[in-house]
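**Q** Provided herewith is a single structure, encoded as structure tokens, for subsequent inquiry.
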Amino acid sequence: MANLKLNTRLLLSHLLVMIVGLSTFTVIAKFSSPRFFVLRLEQLENRGLVTVRSARTYLIDGFESAWNTSSFWSIVIGASTAGCLSYWVARHITQPLHHMAGITQKLAGGQLEARMPQSNIPELNDLGNSFNRMAQSLEGVEQRRRELISDLTHELRTPLTVMRGYLEELADGRLDPSPELYSRLIRESKRLERLTSDLQELSKAEAGHVPLNIQTVDLRPLLTSLVERFRDQIVEQEPTLELLCPADLPLAWCDRDRTEQILVNLLGNALHYTEKGNITLKAWRGQQEIWLAVSDTGVGIAPDDLPYVFERFWRADRSRSRHSGGSGIGLAISRHLVELQNGQIEVESVFNQGSTFRFCLPMSQSSARESLRRLGRSMAAVPSVNSP
């Protein structure tokens, strides 16, 4: 019994229910029908409608014979019909499961586009939808893995090719060693080191293994120090960098170092893509969160590229970004770091006019309670419409 298939189990269960039902019906009818028949004959005799006392035994025997014959054929025909119907129902129920087993084999063989068809059984349809979501997730993971390998080899090829070319020329004596040459080799090696470090950071962020030190943080000193640090990197007068932060900015519930890492990525991107104009770092209070935004008047992002801004190795301008040393991973890391701190990050951009990256962080519990108290006092101070 333990090795029986599901369709066999369903068929046997249906047949068992049918046998129990027919047996109960037959036994009860076998013992009760003759009694009811005799009782009916007695009622007819008492009314004087018919006299059957002499033929009572003959009538009862004939009734029992007719009953036995009809019961036999009813059981045979009913069992056959019920058996066929039970077999069809069992096959109909188990067919999607067999189909799912076949699709599982296809997924194991690398055919990740296989999907379960819709079923008219709600429970099996829900199971199929869950299976399809799992298959879609696996297909997305495999696609991202292939894209990661492709992008990674593309990123590594450029510095490795440059370093190999210099080293081959040095080995052949076609190029004389010089401090400038060594500086180029060091610059390319630092690019490789930065790329591997970013990839490691991204891998940890995507897996949720980034250590976080969540605590109450006063963001205003952090924002002020970041603006001063990046102002020192601006050699010319443009772009200008300014900070818009209220003096009563609430405390945030976040990791200070990771928040600084996010802002460094966003400000660095803004400096890379803004030759003139201004860059603004802004902070403001939300309902239960604190919003931070970096706005610039740079080259902007094309509408078709906006959905891919936070994808790994994405660049709005690949040649320029690679020349400046970017790896195209900073925004992907920033998105994961924001999400790990229970926040969200957004982007708005107009091509050739500028971009705004903003993200929110949870407000500390004490600041959130104070905000609610202020809101309650402000609502209580508003006069009622019905007041005189």
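The values are calculated or read from the model by the stated rules, or taken from the named source; none is laboratory data. All of these numbers come straight from a predicted model, not from anything done at the bench. Cβ atoms come from the backbone with ideal geometry, glycine included; neighbour counts cover every protein chain shown.
**Q** Within region 98-121, track down each residue that is at pLDDT 75 or above and either of a type in the set (A, V, I, L, M, F, W, C) or over 22 Å from Glu139 (Cα atoms) (or both).
**A** Met100, Ala101, Ile103, Leu107, Ala108, Leu112, Ala114, Met116
**Q** Give the residue that is farthest from Met18 (Cα to Cα), with candidates limited to residues of region 98-120 that are surrounded by fewer than 13 Cβ atoms within 10 Å (Cβ to Cβ) and hydrophobic (A, V, I, L, M, F, W, C).
**A** Ala108
**Q** Testing Gln237 on (1) exposed (fewer than 13 other Cβ atoms within 10 Å of the Cβ); (2) part of a helix (DSSP H, G or I), one condition comes back false. Which one is that?
**A** It fails just one condition, (2).
**Q** Only residues that are among the acidic types (Asp, Glu), at pLDDT 85 or above and over 27 Å from Ala207 (Cβ atoms): list them for region 311-369, please.
**A** First, the residues of region 311-369 that are among the acidic types (Asp, Glu): 311, 317, 339, 346, 348.
Narrowing the set further to residues that are at pLDDT 85 or above leaves 339, 346, 348.
Residue satisfying the conditions is Glu348 alone.
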